[in-house]
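*Asks:* Could you have a look at this structure, given as structure tokens, before my questions?
The values are calculated or read from the model by the stated rules, or taken from the named source; none is laboratory data. In this text, all values refer to a predicted model and were calculated from it rather than measured experimentally. So basically every Cβ, Gly included, is an ideal-geometry build from the backbone, and we count neighbours across all protein chains shown.
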């Protein structure tokens, strides 16, 4: 069963269960066996919850679209009742959730079998999954290199064939970065498409959202169908969704106007392989009948970068202050990673006016991008400025914070502006280096037009399939 298991996406496995060709128990035990075989190499799993998965099957699974499919949650933001959510931090290694997050409830209702949690950098702050708590998560394509972050464990687990899809979250690129590094499809949906509650109203001032990393575009669309929509009391909602994202993904998008960006807002070099991936994708889009031309979207990195850091640092500071109050003593610097503590120190330097000023910059950028998309239906760019980089400089406890900062921006300068605009944005695995490292390209659409982004992604997937490309790990 093990070899066949990896050839199916999540919808494919669910169909096997539905037709009685395999049981949910068999799928779970196959996933567990695969996890035990490859995790010593990739270090993608922070918690093994095998009995939780077995008990869910024994209790009876809902008749959802993914009934019986093994699934992993990222060990940050989402709560699973009765289980620990570490946030990738030593500070939360014993924090047990009293109830499920709304999204967790929807995953369960879809029939998914949750049997573990994946590694993440502390509080999901980094573009590489390297922490004091769980160590470094390694890329299945080259274990000396990063799997990306902050959903690095999720990406490594899917790429290594443990599961066909895994939960991720994206506050500055944290779904798209690891998708690009590990050769997967990773969609960041439109802001508020996926509910964030009930424990928080929004992630990082609206920058962050949740979704999945998948092998196929259709799985990503089907997960949207299963999980999208506001929950009662949500502060705001995304524009109306189609009746079915999965159905819409197979609709021809027509001739679109697609802008090509190769220069990031930050003044950092872009590797030849990343540029070649964009050039090849632009040519393919032209062959598919689209109008494709170079165009630089609006944005100033100094301003945008300041706003992002204000929002993120303020939220991190609040998290640590709240944790300190709950346990009866303040958090000390040595209890968290150096990068995390630098966020706390930065937050302390801010004035009360800085937070609304940062939000104003975010909202202005969203309006500027909306104006840009009045002419351009989609924006094509590299996902990353480099293919997966070696582990080390982006460890969150790096004592050289300037080295860390330079490594971070030199690796991922393209993704975070689309968290600011809130627009749907996806990384597609359309290129590999001569050394067999994946290189992602990023497509970003108009706010609310997730369906159109999925349509073009399906076009590209059909024209240049990637599903059967897998790293050379032990079978």
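*Asks:* Among the residues of region 398-424, which ones are more than 15 Å from residue 127 (Cβ to Cβ) and in contact with a strand residue (DSSP E or B) (Cβ under 9 Å, 6 or more places away or on another chain)?
*Replies:* Of everything in region 398-424, those that are more than 15 Å from residue 127 (Cβ to Cβ) and in contact with a strand residue (DSSP E or B) (Cβ under 9 Å, 6 or more places away or on another chain) turn out to be 421, 422, 423, 424.
*Asks:* Can you tell me which of 222, 259, 226 is farther than 30 Å from residue 317 by Cβ, at pLDDT 95 or above and part of a strand (DSSP E or B)?
*Replies:* Going through 222, 259, 226 in turn, just one is farther than 30 Å from residue 317 by Cβ, at pLDDT 95 or above and part of a strand (DSSP E or B): 259.
*Asks:* Looking at region 1-15 only, could you name the residues that are touching a residue at least 12 places away in the same chain (Cβ under 8 Å) and either within 12 Å of residue 69 (Cβ to Cβ) or touching a strand residue (DSSP E or B) at 6+ places or on another chain (Cβ under 7 Å) (or both)?
*Replies:* Selection gives 5, 8, 9, 10, 11, 12, 13, 14.
*Asks:* Condition check: under 21 Å from the mean Cα position of the chain (by Cα) and over 28 Å from residue 341 (Cα atoms). Does residue 413 satisfy that?
*Replies:* The answer is no for residue 413.
*Asks:* Here are some conditions: (1) within 22 Å of residue 211 (Cβ to Cβ); (2) free of Cβ contacts under 8 Å to residues at least 40 places away in the same chain. Residue 67 meets all but one. Which one does it not meet?
*Replies:* Every listed condition holds for residue 67 apart from (2).
*Asks:* Quick check on this structure: which one of 58, 126 is modelled with pLDDT of 95 or more and under 23 Å from the mean Cα position of the chain (by Cα)?
*Replies:* Only one candidate passes the filter, namely 126.
*Asks:* Could you please let me know if residue 328 is closer than 24 Å to residue 127 by Cα, free of Cβ contacts under 8 Å to residues at least 12 places away in the same chain and surrounded by fewer than 17 Cβ atoms within 10 Å (Cβ to Cβ)?
*Replies:* no
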